[in-house]
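The values are calculated or read from the model by the stated rules, or taken from the named source; none is laboratory data. Not measured: the values here are computed from a predicted model. Here the Cβ is made from the backbone with ideal geometry for all residues, glycine too, and neighbour counts use every protein chain on show.
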Amino acid sequence: MQKAVTCLVPLRSSIYSKGLEIYRRGGVAIDVETEKSVYLFVEGEHQKYDVRLMSDDTFNCTCKLGSLKAGKGVLCSHVVASILFMSERQSAEKRGAVAKSESSAD
């Protein structure tokens with residue numbers, strides 16, 4: 001999935017803070033990546049959750065909040081951590097592509 005992720009849903013600062021903490025401690029890993037979706041494992045405070053980010057800007061999570069609010073555009077901390085992870089991955093890939101093109105120009 002190469003599409004940039006855009007967040008257009010309301011987000012409580014406490015959920016963002018928890019998601020940022022999960023991301024920073026390395027609690028996100030890719031399980032499977034397809035052309036239209038990325039499936040990730042996210043290590044929450046108490047257990048692992050499955051998150052799916054889709055190219056049509058939808059997402060879901062197996063946590064309680066994600067399950068209760070499925071389809072309503074509510075972000076949980078696990079989805080936030082996943083978005084941060086994928087955003088950093090895309091940025092790193094772009095930096096790598098730029099560095100590679102600069103070194104081949106020498």
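Tabulated results
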{"quantity": "Failed item in (1) touching a residue at least 24 places away in the same chain (Cβ under 8 Å); (2) in contact with a helix residue (DSSP H, G or I) (Cβ under 8 Å, 6 or more places away or on another chain); (3) among the acidic types (D, E), with E33 passing the rest", "calculated": "(2)"}
{"quantity": "Segments classed as strands (runs of 3 or more DSSP E), wholly inside region 4-106, with at least 1 members that are at pLDDT below 85 and surrounded by fewer than 18 Cβ atoms within 10 Å (Cβ to Cβ)", "calculated": "none"}
